[in-house]
Structure formats: C-alpha cells, structure tokens
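**Student:** Sending over a structure as structure tokens; questions will come in a sec.
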Amino acid sequence: MTEATGIVGEFLALTEETDADLLAMQCGDFYEFFDEDAETVADELDLKVSQKSSHGSSYPMAGVPLDDLTPYLSALVERGYRVAVADQYETADGHAREITRVVTPGTHLETSDDAAQYLVAVAREGDSGDGSGGRDRGGAGSDAATDTTYGLAMADVTTGQFLVTECVGADATSAALTELYKFDPVEVLPGPAVRNDDDFLAAVRERTDASLSLQEAEAFAPGRARHRLREQFGAETLESVGVADREAAVRAAGAIVAYVDETGAGVLASMTRLQSFDDGDHVALDATTQRNLELTETMSGDRDGSLFDTVDHTATSAGGRRLREWLQRPRRSRGELERRQSAVAALAEAAMARDRLREVLGDAYDLERLASRAASGSADARDLRAAAETLAVLDTVADIVAERERLAESPLGEIVDRPDRAAAADLRDALEEAIVADPPGTVTQGGLIRRGFDADLDAVIDDHESALAWIEALPDREKSRTGITHLSVDRNKTDGYYIQVGKSEADGVPEEYDQIKTLKNSKRFTIPELEAKEREVLRLEERRHEMEREIFERVRERVADRAGLLQDCGRALATVDALGSLAAHAVRNDWVRPDLHEGDTLEIEAGRHPVVEQTTQFVPNDLSMSADRQFLIVTGPNMSGKSTYMRQAALVTLLAQVGSFVPARSARVGLVDGIYTRVGALDELAQGRSTFMVEMQELSNILHSASEDSLVILDEVGRGTATYDGISIAWAATEYLHNEVGAKTLFATHYHELTTLADHLDRVFNVHVAVDGEPRSPSANGTESRPADESDGEVTFLRTVRDGATDRSYGIHVADLAGVPEPVVDRSRTVLEKLREEKAIEAKGGGSGGEPVQTVFDVGSGEFRTESGASGSSSGASGSAGSSDATTGRETGAAATADGGAVDPESVLAEEYGADAPDVLDAVADLDVNETPPVELMAKVQEWQSRLDEE
C-alpha cells in the first residue's frame, strides 16, 4: 500500500484495484490524473503538469474539466489505452470515490470514427487445452497437421451488432487471422490458449491495429459462457442460431458479454441479436487478397484510391459502414445478390427519386449508435431528439419508395417495411411530445422537457418563470421608485442576484439598499425582497432541474427498451443508403447489371478497372473463361496493363457478388467461393521473410485453399529466385492448378517458356497485351507485319488483350522510361540483340589487363562461354590459370592455390555460401522436378533458402 495520503493516496489505492492502463479520478469539477498517469496523459494530450504534495512527497498532477472528459477519453482510447474512471459520490461523512467503468478501445461509445469498432474474442479448441501454456502446433507460422478449431465473436458496442463463427480444419489458423483482418477490430481478447501462442499474437499485431487485452480465463469457460449468452439473448437463442454445439464460438461470445459487463460500458441492453455466419455464406477473401485488390485502403494505407472510396456515395455514416461490410464480405447466395441487383436497378432507373432519397437521408442520424448510447445511459436530450427526427426520416423514405411503382415493387419496398413502423411512429411521437425542439447539451440544467408533457413539472416551471419575471421587472420598478437612472439587476456565481448602481448615483440609494461590493465605476447592492425572490428562484430551479432529469431518464429508458427497434430502423436506412450509392455510381460510370449463374463461365465484354477508370482514359478489354477455358497465361510487356487486366477481372467478380453493377459493356459471372491473389513483390524482413519467401507462402496458401469454384490471380510466380528454379515452380504450379485444383486462373508471367503449356494442357490458353506493330495477320503479299522491337527505341503499348502468346517483355523500353542513363539503355539494346542472335558479346572492363573478352551466352546451359568453348573461361595469356566470370571478373571454377594445387569446388562453395551449400546443391541435383508435387517442391525450396540464409 502506498505511503501517500489524501487525494493522492486515494488515487494510488484505486489504481491497485484495476488492471487498466490509466485512471481518471473525479475531484469536484475535474477529473484528475496523478503520478505516472499524469505524465503519460500530459505527453499524449499535451496537458499541463502541476505538482501535488502528499505525505512529504510531490506527485505530478494533470486534470481535465468534468464536462470535457469524453473527448480526452476518446483521444486516449484511440491510442490504445484502457482508462478506468472513478466517479465521486456523496456520503454521510462527505464524499468518496469508486471505479464505475473502464473505457477500452472496444467498449468506447463516443467514437468519432464512422467505421465499425469491433471487439473480438478468440477461443481455441483442438490443442492441448486452453490454459495449457503449450505452443500451438497450428500456430500462425504453419497450420496444424490435425484439425484445430477457433471460435471468434465480434461485437460492435456502438451499434449492438454481435456475430459469431468458427474456423475449423488444418487451415483454421489462417482462416481465423483472415477474419480478424477482415473485421479490423480495435480490441482483441485472446483466450487462455491463444494468449500463449506468440506466433498467433504476432500475426494479429501485424495484420491489425488492435489492442490486445486480457480477459479472465474463467470468462472463456464453456458453462459460464453458455449461462452468460442465455441470460443476454434468451434461453433458446444458441439453438435457434445454430451455435449450441459450437463450443469454441460459444466460449468466445460468452467472454465478450462478460467483458462488456465488467468494464461498465452499460451497453448490454443494446445487444439484442446474436448472429452466426459460416465460411459458406461469404466469398473467401484472405488478407493478402484484400490488400492486393485495395478494397478499403490502398497498398500504401490510404483510403483515397481504394475501391470503397471509389464507390462510396453514401449520405450517412451507417450507410458507409454497410457498404464497406458488403465489399469486405461478398455473398455467395445468388438469391440475395439478385435481390440487391434488383434494388440497384430500380434506383438506377429512378433518378429523381434516388436524388430525393439521398437528400432525405442526409438528415438521418446513426440510429444503431444512438440505441447503444441510450442503453448505456450516455444519450443526452439532443440524441433523443435526433432519434425522433431519424424515425421521421424512415417514414419519408418509405413514402418515396411507395410513391414510385418501380421502387415499391423492387426489394426496396420490403427493406423499408422490415422494421415495425407503427412502433417506430409511436416512439417518435412520444419523443417529440417529451423533448423540446432544441434541447441543451446537458441533462442537468433544465430546459429539456416540453410544456404539457407533465402537469407537475408545468406547475413548477410556471412558478419558476413567474419568479424570474419578477426579477426581470425589478430594474424598471426601482428606477421609477428611486429616480436612479444607471441601475440594473444581474446575477453571478459569487454574488448571486444583485442591484448594480453607477458610482455617480450610488450615494443616493435608499436606506434598504445593502451594499455588497464596490467596483471601479459602480457599486452592488441587495434588498430583502430580492434576497427572498432569489431563494425562491434557486429552490424552484433545483426542483425543476431534478424533475426534468427524472422525466428525461424515464424517457431515455423507454428508448433503451426499444433499442432493437432503433437498430432495425437504422439497418433499413443504412441498406437503402448503400444501395443508392451503388446505383448512383453505376449510372455515373455506365456500369451494367451482371448475369449471375452457378456455372464456371466468366464472360466480360469491354471490362474496365473500377478505380483506374476514374483517373485515366481506360482501354476496355474482353475476358472469356469457362470449364473448357479455365487457365489463361497472360504475357506481354512490362507496364502494359497485365496486372490491371487481371485485377479488374477479380474486382468485376467481387462487385457482382456484392450485388453491384459492374464496369463493363456486359458480364456473365459464375459465382465463386473465394478470390485468391498473389500480386507484386513484398518482403517482411522484420519477420525473417524475404520477398521470395513471402511469395512462396502466398502461393502455398492459394494451392491449399482454392477450389474448383475459386478465382485465382497470379501476377508473377518464381521471379524472386534463380531463373530455372523460378520457371520450374511456375510450371509445376500451373500444372497443379490445372490438374488438381481446377480453379479459374489468370497467370501473368515473363517466363515465356510457360506459354508452351497451352499445347499440352487442355484448359490452358494464352492471351497477351498487344504492342503497336505486332503481327496480327498476313499482309497482301503473304508476309507478316514487323513486330515492335526494342532496338528501335520506340514501343507503344496498346493496353489491348488478344488471344495468343508473345515472346518479348520490352523491359529495356521500361528502363528507358524510368530514366536509366542512356549509355546503359543503349548498351542493353546491343547486348539483347546479340543474345537473340547468339553472337559474341564484348564484356567491357572484364578479363585480364582490361582487354575486351569475346563471349557468347549459351541459352542451353545458362552460361557465358568464350569463343573457344570453355565455360566461363578467361581469354588471358595462360588460359589455364583458372576461369573468370565474364561479367564481374570474380575468380571461379578450378582456380589454382598458392602452392599450385587445385582448389576443392565444395570448399569454394562452403566458403562463399556457407557450410550447407554443397549439401543443398546435391539435393537440388537429385530432385526430379517433374515428379515432385508443387507444395512439396515449395517446401523444399523454403528449407534450402532457410539453410543458406542461416549462414
């Protein structure tokens, strides 16, 4: 126990009662922080630090006004702090303080962020048992050989949304992390076993910005969790939503309910509906795919330039949340998607109604969040007034839909009728009858309740206003009675009500004027009648404020009891808003309604990239895939648009499974169960993973996860390693996806050798991005037109995708565009031309004495050879003193030692690359690439690279 006494001692004692990071303790009209908490808060919020003495010691102190605590709490919580709040209350001996709530990132209601604020709990089954402390065999680095089950519960306390699911199987860890990335929680509660899994927690920190908080292990106990959930949602809810036998999900959900209750957020009343979802309900989008497709943020982390930013024309924060959720969790239900399409189509055709809906929705508040605030007791009179106005908006929206037959017959009619609109109208009327039109921002100062709502309150208000009227008329009466011209009546906290007289007339006041203060230019007085009336006003004010607060709290409780109704109304408005946004974007950008079906066909005519078309003159392209045309190898120049072409195919598919129109002249989209991408080069050196290792892990995930109903996008595979290794992996992966997985696949590559697979695999076809001047058809004299050639220095990318393969990548042209020095570009063109013609190349600056060395690159062996044919040999005078790399001058091969003996090649390898290098080389030589499954091949490559990296 601390030696400090008084307020500081009480503060330090309270900190020992909580595991929160900081404590805010009410001291009269301020919330104070002391000791280390004061210094932390001062640094984070730029507050002034003073000193407080206690028991002979001095302690840092920082504070914020009582009414200003919320914004400061928000700022601290957004930085990841958990803040305990100790409120002051009166006792017989004076006052005391106790911790009433703990505000955490996942339980904070007063957020300024429109996005969902998910609190997620993660429980795990299938290992050695929760609380074991053992490492998870299915950790984030690699999934377990045996099945593992993760239960996840996601609650947004600001809206009352509560979702549960389970991830089961050998890839459960990856699936659980994908869900966490998708929901982007602000706070995560790891279960007893999960909290001991360093790999999993590291992956959570890497993929999300969530704070990790510890909840007591008992909260995850199955029996206790079931009891909590049945108390919260009803005895039969677990069975009705299909999670009664999903123990991991139940444990996670129960832990969240306990945590929200224990932190004192007071929002349990707003959590009225438990919903479960399965992998089969939504399209699988792993974290890599969401990042590569830039769904909600760009690769650099910006919202601007993302798909969400592009299609978001919502008028409300709730509508924006709904649209974002749809993009991150596309549906697989054709019926649900076609209902959304029909609503979008109806809104697209009704321009005036669509604009009117947007205008009306602009006056709507966030009913889901208002419901949570009412349930927590934090909603003020302005919140309740906003709820009433928004319930009126629902009626207006319903009227607009009903007035137009096209809209009324679409799913929009059902959407606006889902809430109990009669009950909503009753609640709206009750709020309008109770709350004044423009209420104050506090519930303690009166002026909240309408006249006529409560007769007793009206009587008090009449007496109060009568007393105030007497005081208001007092100056005129006194001026008339005394003849004093410079006389006024006012009030302040120090003097109460007083009569103020200018100094020039102060000596002539009547005897009953009792002076209470002298100022520079005036004097203040009071009289018995004013003092009596002041006491009456204060008594009536106190009574009025007390009655208004009590009435307001009853009204607020009524709203809290109807939290579910408010949430239903809010969801309906959000859905209309999100659909309107999709319709508005479709009309503005000439998008079309795709034809959805359950087959394998993906036919896109004149497709466009939904984001890129906003900023450039976009060249549309067709895409045709089917059961007989399953795998497209995409070749073509660097920077010609191969990646854009493939991503637009993925985004058209995704938008179709959101229920949106798509950027194309026409589209026929077969529903997919997942979209998987491997795009670009990214290293994670801090986690010990090179660019190539990341590439291989992404490919491994695709080969494990994709099915015949998936869409796979591969933008270069195997480019991060040696040429032959890379081609081998790309070749084997192509065969595996074609023969074993069967997914629709677009594979962009500069390994032109892969294009020959189209001659041997039935469902593999070649397409390429054209350049100006490439041969398309014989000319009149039977010869083909000359292709664009880098040696010309002029290449025009047409951005047009055509059938067939190409054998050039035009990388030197891109190097020129990038500003590579002209001598390097010119020399590159010379070398390229000689390599193609298999002519000798002068290795400038190499060899003995700086003389040019004539070499030829042997495509078959992948080596430079001298004109005499010796691999990599120098043209030096002796010709037998060893060999020299023609491009670097580094001595290689069988060089002589100082004493004339031969150097052991294995020793050279070991010295250059590490002791394991000879063994790795032998293993590579012994490997039969054609007989090795791709997954095993990648595992071996990763193992070899790890062994060499360790050196």
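The values are calculated or read from the model by the stated rules, or taken from the named source; none is laboratory data. All of these numbers come straight from a predicted model, not from anything done at the bench. All Cβ positions, glycine included, derive from the backbone under ideal geometry; neighbour counts span all protein chains shown. For accessibility, only protein heavy atoms count, side chains too; no ligands or nucleic acids. Shrake-Rupley method; radii C 1.70, N 1.55, O 1.52, S 1.80 Å.
**Student:** At 1.4 Å probe size, put Arg205, Arg562, Arg369 in order of accessible surface, largest to smallest. Spell out each step's value before the answer.
**Tutor:** Values: Arg205 145, Arg562 95, Arg369 30 Å².
From most exposed to least exposed: Arg205, Arg562, Arg369.
**Student:** Quick one: order Trp326, Trp731 from most to least accessible surface, probe 1.4 Å. Each step should come with its number before you reach the end.
**Tutor:** Values: Trp326 20, Trp731 75 Å².
Of Trp326, Trp731, the descending order of accessible area is Trp731, Trp326.
**Student:** Could you report segment 365-464's accessible area per residue, 1.4 Å probe, as an integer in Å²?
**Tutor:** On a per-residue basis, 42 Å².
**Student:** Still on this model: Among the aspartates and glutamates, which have Cα under 13 Å from the Cα of Lys523 when same-chain residues fewer than 8 positions away are ignored?
**Tutor:** Asp490, Asp495, Glu505, Asp507, Asp514
**Student:** Starting with the highest mean, order 573-584, 72-83 by the number of other Cβ atoms within 10 Å, averaged over the residues of each peptide. Show your work: numbers first, answer last.
**Tutor:** Details: 573-584: 26.8, 72-83: 18.9.
Packing proxy ranking, top to bottom: 573-584, 72-83.
**Student:** Which lysines have a Cα less than 28 Å from the Cα of Lys182, not counting those fewer than 8 places away in the same chain?
**Tutor:** Lys642, Lys744
**Student:** Oh, and also: Please list, ordered by chain and number, the residues whose modelled amide H lies under 5 Å from the amide H of Ile435; skip anything fewer than 5 residues away on the same chain.
**Tutor:** Amide H neighbours of Ile435: Arg450.
**Student:** Taking a threshold of 22 Å on the Cα-Cα distance, which of the pairs Lys479/Lys503; Lys52/Lys517; Lys493/Lys517; Lys479/Lys533; Lys503/Lys533 fall above it? Kindly include the intermediate steps, with their values, before the conclusion.
**Tutor:** Details: Lys479/Lys503 15 Å; Lys52/Lys517 34 Å; Lys493/Lys517 14 Å; Lys479/Lys533 19 Å; Lys503/Lys533 26 Å.
Cα-Cα > 22 Å for Lys52/Lys517; Lys503/Lys533; rest within.
**Student:** Sticking with this structure for a sec: Once neighbouring chains are kept in place and the probe is 1.4 Å, which whole percent of the accessible area of segment 82-121 is contributed by carbon and sulfur?
**Tutor:** Numbers: 690 of 1650 Å².
Exposed carbon and sulfur together represent 42 percent of the surface.
**Student:** Express in nm, to one decimal, how much length is gained between Arg629 and Ser666 on full extension, taking 0.36 nm for each residue of separation and deducting their alpha carbon distance.
**Tutor:** Details: separation 37, 0.36 × 37 = 13.32 nm, distance 1.90 nm.
That pair, Arg629 and Ser666, stretches by 11.4 nm at full extension.
**Student:** For segment 445-594, which whole percent of the accessible surface, found with a 1.4 angstrom probe, sits on carbon and sulfur atoms?
**Tutor:** Values: 3270 of 7720 Å².
Answer for segment 445-594 is 42 percent, counting heavy atoms of protein chains only.
**Student:** Can you send over the carbon and sulfur percentage of the accessible area for segment 198-278, probe radius 1.4 Å, protein chains only?
**Tutor:** Numbers: 1540 of 3430 Å².
For segment 198-278, the apolar C and S fraction of the accessible surface comes to 45 percent.
**Student:** Let me ask another. Would you mind working out the magnitude of the charge dipole of segment 4-63 relative to its Cα centre, with +1 at each Lys and Arg C-beta and -1 at each Asp and Glu C-beta, to the nearest 20 Debye? Mind showing how you got there, number by number?
**Tutor:** On the way: 2 positive and 14 negative charges, 76 e Å.
It works out to roughly 360 debye.
**Student:** Right, something else. Under a crude label model (7 Å from the Cα following the beta-carbon direction), how far is Glu511 from Thr442 in nanometres?
**Tutor:** It is 4.3 nm.
**Student:** Skipping prolines and chain starts, which residues have an amide H placed within reach, meaning under 5 Å, of the one on Glu187, given they are 5 or more residues away or on another chain?
**Tutor:** Val120, Ser211
**Student:** In what sequence, highest mean first, do 187-198, 818-829 appear when ranked by Cβ atoms within 10 angstrom?
**Tutor:** On the way: 187-198: 22.7, 818-829: 12.5.
So the order, starting with the most tightly packed, is 187-198, 818-829.
**Student:** Tell me the accessible surface of Asp261 in square angstrom (1.4 angstrom probe, heavy atoms of protein chains only), to the nearest ten.
**Tutor:** It works out to around 70 Å².
**Student:** What do you reckon, how do Glu478, Glu837, Glu534 stack up by accessible area (1.4 Å probe), largest on top? If you can, show how the numbers build up before the last one.
**Tutor:** Values: Glu478 15, Glu837 90, Glu534 35 Å².
Result of the area sort, largest leading: Glu837, Glu534, Glu478.
**Student:** Non-local amide H neighbours of Arg799 (under 5 Å, H modeled in plane, Pro and chain starts lacking H): which ones?
**Tutor:** Distant-sequence amide H within range of Arg799: Ala770.
**Student:** Tell me the per residue accessible area of segment 277-362 using a 1.4 Å probe; a whole number in Å² is fine.
**Tutor:** Averaged over the residues of segment 277-362, the accessible area is 38 Å².
**Student:** Probe of 1.4 angstrom, ligands and nucleic acids ignored: what's the accessible area per residue over segment 531-636, in square angstrom?
**Tutor:** Numbers: 4420 Å² over 106 residues.
Per residue, segment 531-636 has an accessible area of 42 Å².
**Student:** Run the quick spin-label model on Thr616 and Leu761: label points 7 Å from Cα toward the beta carbon, then report their separation in nm to one decimal.
**Tutor:** The modelled label-to-label distance comes out at 2.8 nm.
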